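The values are calculated or read from the model by the stated rules, or taken from the named source; none is laboratory data. Just so we're clear, the structure is a prediction, and the values are computed from it rather than from any experiment. FYI the Cβ positions are ideal-geometry reconstructions off the backbone, even for glycines, and counts take in every protein chain you see. The area values use the complete protein model at the heavy-atom level, side chains included, leaving out ligands, DNA and RNA. Shrake-Rupley method; radii C 1.70, N 1.55, O 1.52, S 1.80 Å.
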Amino acid sequence: MSSKKNDRPVPKSSASFKSAQRGLISWIFYFAGSKKGQYIVSVFFALLSVACCIAPYFIIARIVQQLLAGVRDWQLFLKECGITALFWFGNVLFHAISTSMSHIATFNLLGNIRKAMCDKLTRLPLGTVLDMPSGSLKSIIIERIDSMETTLAHIVPEYTSNIILSIVLVVYLFVLDWRLALACMAVLPIGFIAMCFMFKDGEARFKFALDKTKALNDTAVEYINGIEVIKAFGKSKSSYERFVIAAQEGSACYVEWMRDCIWPHAVATVVTPTLLFSLLPIGGFMFLNGKIDASLFITVIVLAVSAIQPFLIAFTYHDDIAKAGAIFGEVGSIMTLPELERPTVNKSTPLDNSIVLRDVHFSYHKNNEGESLPPASHDVAPTPPSPKGTPLKNPEILHGINMTLPQGSYTAFVGPSGSGKSTIARLIASLWDVDSGSVEIGGVNIKDLSLQEYNGRVAYVSQDNFLFDMSVRENIRLGRQNATDAEVEEIARKAGCYDFIMSLENGFDTVVGGSGAHLSGGERQRIAIARAMMKDAPIVILDEATAYTDPENEAIIQKSVAQLVKGKTLIVIAHRLSTVKDADKLYVIKDGLIDSCGTHEELLAKGGLYKNMWEAHIESKDE
């Protein structure tokens, strides 16, 4: 699979995808990138291959005509048999060239689809991605796209070439004698009617099967991820039953579909090839009555047999075409999702790294079915009930937030759970777009900055950290890809996690497992902080970044972070108020509004919510 830049399709906006109602061939050539030419050439060689396959039928017809005419030149017949052998060799050679080129183009195309989808996910709001079950995404990007390989590698050259040559041969039959041509086609309506029954509701059935397969994938992922909870609470039976039901439904839809297609398929495959069933009696009657000669009759018989072969080959791809179309439909449904509103290049340059929020309103937007997207964590204000007692859809989480965070300042967001603290941090980190108002960096609206530029300015560490199934060293190096081993180890020392890393089995080369499963929650957080520090971004956001650490390690991390973020704009979200009491300014968030702001001493003097929270915090520490 090529990795050259020009092999990848240029990402298009959601609007352009929505406006383009693409068919299968259009999708193929869109994602083929620089390999479009190979598909075209593969079709050309496929045409030569099928032509070489059909040409011997013409030679056989001519040999029969010569024999009927009394020709007994065996050298001539031997020469024509030699030409037939050359056509057979040409068929094999051209087919090999065609399929080789189409496979190369197809592997490139599948790679481009996966790259485009992964690129698309990076441009979507975080909530949109979190709303997609991981099992479904994995199934589309891996299994379903991979399942198109055989179809796409053969459909473009073979389906196209066989259809074209079938049409050419049918036209030629009508040129020879339209009456005999119609006689050949007499049984085809029966086959076509059977095909119509076989393909009836095919697209809807396949979509239904895909939905059941998605449900099975999602249930399997949920079961595996929750196996610890299932065992701890003795729910293995009920949880496993859900998986069994999903598996049964996933297989039943295919079995029922195939059962309904058995008889139409049998009729279509038995009747359609029998062109001679109607041709022989009709043609024989015409020959006996002197309306056609033997030479024409034999020629039509031979061509009728050769004409149906490419048609039947093309017919076998119909199901695969429908399936590929449905899969491309799934790909298109993701590619058309609305993206974060960002330019490809900066419209303006920030003067510094100060942050200003102006009258920011925000709600977690509805998905395609009209339901509100679930938040990424618990830090969202609860949904108030409507007067009729039903939950309101799309509730507003933030109600006009205004704040200024100077460059190099240390700002903390505190407040009750669900008040909107993490939501503000995610808006600043550009994981979502505001509904109204603006988030500005250095006097520039972040919507006027490219995602690449903005992501380079912000290092974000959440309470739910993710580590890749690679070594500790490579996980930290993700913060800066060109960092040397010495730089990785130095940042680990500064972040206060060097000693515990060296205590691991292979030190920095220890593989952390999927999602960092081989490490404790506190260890994962400390590595995530080191990774963020390696990025050396001028804006650092720590969203409950020490939530899973014990008090001793938390003190070490706080001291290390304080050294690493000097001169940077630091935003910290914390429930343990003692960890942020030295902030330059604390914002107390309640129900999506700023309740109060100021230094620790100023807020204590004001009384109110912050003082109550502080007293509760001190009391819990004393206990």
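Give just the number: which of (1) farther than 23 Å from residue 527 by Cα; (2) without any contact (Cβ under 8 Å) to a residue 40 or more places away in the chain does residue 455 not satisfy?
All conditions pass for residue 455, except number (1).
Need at least 1 residues that are in contact with a His (Cβ under 9 Å, 6 or more places away or on another chain) and either open to solvent by 50 Å² or more (accessible area, probe 1.4 Å) or modelled with pLDDT under 75 (or both) per element, so show me which helices (runs of 4 or more DSSP H) inside region 149-219 make the cut, counting only ones lying wholly within it.
So the answer is 188-198.
Does region 428-440 hold any residues that are open to solvent by 10 Å² or more (accessible area, probe 1.4 Å) and in a strand (DSSP E or B), and which are they?
If the condition is that a residue be open to solvent by 10 Å² or more (accessible area, probe 1.4 Å) and in a strand (DSSP E or B), then 436, 437, 438, 440 are the ones that fit.
Just to verify a result, which residue in region 327-354, among those that are open to solvent by 20 Å² or more (accessible area, probe 1.4 Å) and β-branched (Val, Ile, Thr), is nearest to residue 128 (Cα to Cα)?
The residue in question is 336.
Out of the residues in region 312-324 meeting the condition of being out of contact with any Phe, Trp or Tyr (no Cβ under 7 Å at 6 or more places or on another chain) and surrounded by 19 or more Cβ atoms within 10 Å (Cβ to Cβ), tell me which one is nearest to residue 149 (Cα to Cα).
Of everything passing the filter in region 312-324, 324 is nearest to residue 149 (Cα to Cα).
Condition check ((1) crowded, with 16+ Cβ neighbours inside 10 Å; (2) touching a Phe, Trp or Tyr at 6+ places or on another chain (Cβ under 6 Å); (3) at pLDDT 80 or above) across all residues:
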{"site": "13", "(1), (2), (3)": "no, no, no"}
{"site": "34", "(1), (2), (3)": "yes, no, no"}
{"site": "37", "(1), (2), (3)": "no, no, yes"}
{"site": "43", "(1), (2), (3)": "yes, no, yes"}
{"site": "49", "(1), (2), (3)": "yes, yes, yes"}
{"site": "65", "(1), (2), (3)": "yes, no, no"}
{"site": "79", "(1), (2), (3)": "no, no, yes"}
{"site": "82", "(1), (2), (3)": "no, no, yes"}
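Filter region 478-520 for residues that are closer than 19 Å to residue 541 by Cα and part of a helix (DSSP H, G or I); which is most open to solvent (accessible area, probe 1.4 Å)?
Selected residue: 494.
From (1) of a type in the set (S, T, N, Q); (2) within 28 Å of residue 134 (Cβ to Cβ); (3) open to solvent by 30 Å² or more (accessible area, probe 1.4 Å), pick out the condition that doesn't hold for residue 525.
(3)
For the condition over 30 Å from residue 413 (Cα atoms), under 42 Å from the mean Cα position of the chain (by Cα) and at pLDDT 80 or above, what is the one hit in 345, 267, 271, 300?
345
Can you tell me how many residues in region 458-477 are surrounded by 19 or more Cβ atoms within 10 Å (Cβ to Cβ), closer than 19 Å to residue 422 by Cα and out of contact with any Lys or Arg (no Cβ under 6 Å at 6 or more places or on another chain)?
Of the residues in that region, 5 qualify.
Given the structure, is residue 295 small (Gly, Ala, Ser), out of contact with any helix residue (DSSP H, G or I) (no Cβ under 7 Å at 6 or more places or on another chain) and either more than 30 Å from residue 63 (Cβ to Cβ) or open to solvent by less than 70 Å² (accessible area, probe 1.4 Å) (or both)?
Judged against the criteria, residue 295 is not a match.
Based on what the data block shows, is residue 400 assigned to a strand (DSSP E or B) and at positive phi?
Answer is yes for this residue.
Given the conditions (1) within 30 Å of residue 604 (Cα to Cα); (2) part of a loop (DSSP other than H, G, I, E, B); (3) open to solvent by 40 Å² or more (accessible area, probe 1.4 Å), and given that residue 419 satisfies all but one, which numbered condition is not satisfied?
Unmet condition: (3).
Can you pull out the residues in region 441-473 that are assigned to a loop (DSSP other than H, G, I, E, B) and small (Gly, Ala, Ser)?
442, 443, 450, 462, listed by residue number.
Six or more apart or on different chains, Cβ atoms under 8 Å: show the pairs whose first residue is in region 131-148 and of a type in the set (Gly, Ala, Ser) and whose second is at pLDDT 80 or above.
147/327
So residue 401 passes all but one of these: (1) among the aliphatic types (A, V, I, L, M); (2) touching a Gly at 6+ places or on another chain (Cβ under 6 Å); (3) at pLDDT 90 or above. Which condition number does it fail?
Of everything listed in (1) among the aliphatic types (A, V, I, L, M); (2) touching a Gly at 6+ places or on another chain (Cβ under 6 Å); (3) at pLDDT 90 or above, residue 401 misses just condition (2).
Residues that are among the charged types (D, E, K, R): which helices (runs of 4 or more DSSP H) entirely in region 246-339 hold 2 or more of them?
Answer list for region 246-339: 318-335.
Counting only residues that are of a type in the set (S, T, N, Q), modelled with pLDDT of 65 or more and open to solvent by less than 20 Å² (accessible area, probe 1.4 Å), which one in region 547-589 is farthest from residue 603 (Cα to Cα)?
560
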